[in-house]
1. If I ask for residues that are farther than 20 Å from LEU133 by Cβ, open to solvent by 20 Å² or more (accessible area, probe 1.4 Å) and among the polar types (S, T, N, Q), which ones from segment 196-234 would you list?
2. Go through segment 58-96 and count every residue that is charged (D, E, K, R) and closer than 16 Å to LEU14 by Cα.
3. Considering only segment 183-195, I want to know if a residue exists there that is within 19 Å of the chain's Cα centre (by Cα), at pLDDT 90 or above and open to solvent by 20 Å² or more (accessible area, probe 1.4 Å).
4. Every residue in segment 181-200 that is farther than 27 Å from HIS74 by Cβ and either touching a Ser or Thr at 6+ places or on another chain (Cβ under 7 Å) or touching a residue at least 12 places away in the same chain (Cβ under 8 Å) (or both), please.
5. Mind listing just one residue for me: the one in segment 21-43 that is polar (S, T, N, Q) and either modelled with pLDDT of 95 or more or open to solvent by 40 Å² or more (accessible area, probe 1.4 Å) (or both) and, of those, nearest to PHE93 (Cα to Cα)?
6. When the residues of segment 166-182 are narrowed to those that are among the small types (Gly, Ala, Ser) and farther than 22 Å from THR49 by Cβ, which ends up most open to solvent (accessible area, probe 1.4 Å)?
7. Restricting to segment 128-165, give me the number of residues that are over 26 Å from ALA196 (Cα atoms) and either modelled with pLDDT of 95 or more or open to solvent by less than 30 Å² (accessible area, probe 1.4 Å) (or both).
Amino acid sequence: MKDKQIDSSRPCALCGGQRKLEQSHVIPQFGYRWAAQAAGKGERSAGPTRPMLCGECEDLFSSYESEFARRVFHPLAIRSILNAKYTAWLRQFAASVCWRILEVRVAENQLRHFKGRWSSELVSCRDTWRRYLTHQRPDVGEHHLHLLTLNEIGGAPVPSPFQPTVESEVHCTDAAALVCARLGPVLLIGLIADPAPREWQGTRINAEGKLKPRDVVIPATYRDFILSRADGPT
């Protein structure tokens, strides 16, 4: 369900159109609702919003979110099952989440630590994901997107219920920079600057494919950070 539209003189962050903006969720609403239910708080929590997208772009993102929630998130959160064929919607969903996180952090001046080392990559990443999401380019270039589950990160099966955690972070070191979104048992990783893209194995979201139990390799550059995002089951 959408929140009420608000008047705004700012353009839509995605398409640039001068239209009324909606209160857009940075991380999809279904993640917060699931977390609230899992924590025994009912369905009241819908997560924070920002005046960000016009109605048309909000509807576009909602279509990706519906596919992801139905095919990936709920089966994994409820039954620990990762078994789904995917097409463009999965990469579009991951890009939409990671792009929103970056846009909000930039707008709210939360990325001052990016000045210098990765500033040009940050500009490139935001522009690449935006043009991909508006169908101005067919892929995400060097700013790859990855999906991992708690099972894969920990190296052993993790039973449900998972820790009802929904959070986001933009991580930057001298070696690399990334966006991370945690939705319960799922981690979405968007790479802003990646010195060793070929070291990832089994996690990259392609134009199409299948999500299933698999062996994954997380490059050492990211391992400590990613392990710190996975706090295990309740």
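The values are calculated or read from the model by the stated rules, or taken from the named source; none is laboratory data. Owing to the predicted nature of the structure, the values given are computational and were not obtained by experimental measurement. Here the Cβ is made from the backbone with ideal geometry for all residues, glycine too, and neighbour counts use every protein chain on show. Keep in mind that these areas ignore ligands, DNA and RNA; they rest on the heavy atoms of the full protein, side chains included. Shrake-Rupley method; radii C 1.70, N 1.55, O 1.52, S 1.80 Å.
1. GLN201, THR221, SER228, THR234
2. Residues of segment 58-96 charged (D, E, K, R): 58-59, 65, 67, 70-71, 79, 85, 91.
In the following step, the residues that additionally are closer than 16 Å to LEU14 by Cα were identified as 58-59.
So the count comes out to 2.
3. yes
4. Kept after step one, since they are farther than 27 Å from HIS74 by Cβ, are these residues of segment 181-200: 192-199.
Within segment 181-200, ILE192, ALA193, ASP194, PRO195, ALA196, PRO197, GLU199 qualify.
5. The initial filter retains those residues of segment 21-43 that are polar (S, T, N, Q), namely 23-24, 29, 37.
Checking the rest, the ones that are also either modelled with pLDDT of 95 or more or open to solvent by 40 Å² or more (accessible area, probe 1.4 Å) (or both) come to 23, 37.
On the way: GLN23: 18, GLN37: 23 Å.
The extreme case among them is GLN23.
6. Of segment 166-182, the ones among the small types (Gly, Ala, Ser) are 168, 175-177, 181.
Narrowing further to those that are farther than 22 Å from THR49 by Cβ: 175-177.
Details: ALA175: 47, ALA176: 4, ALA177: 1 Å².
Ranking the candidates gives ALA175 first.
7. 6
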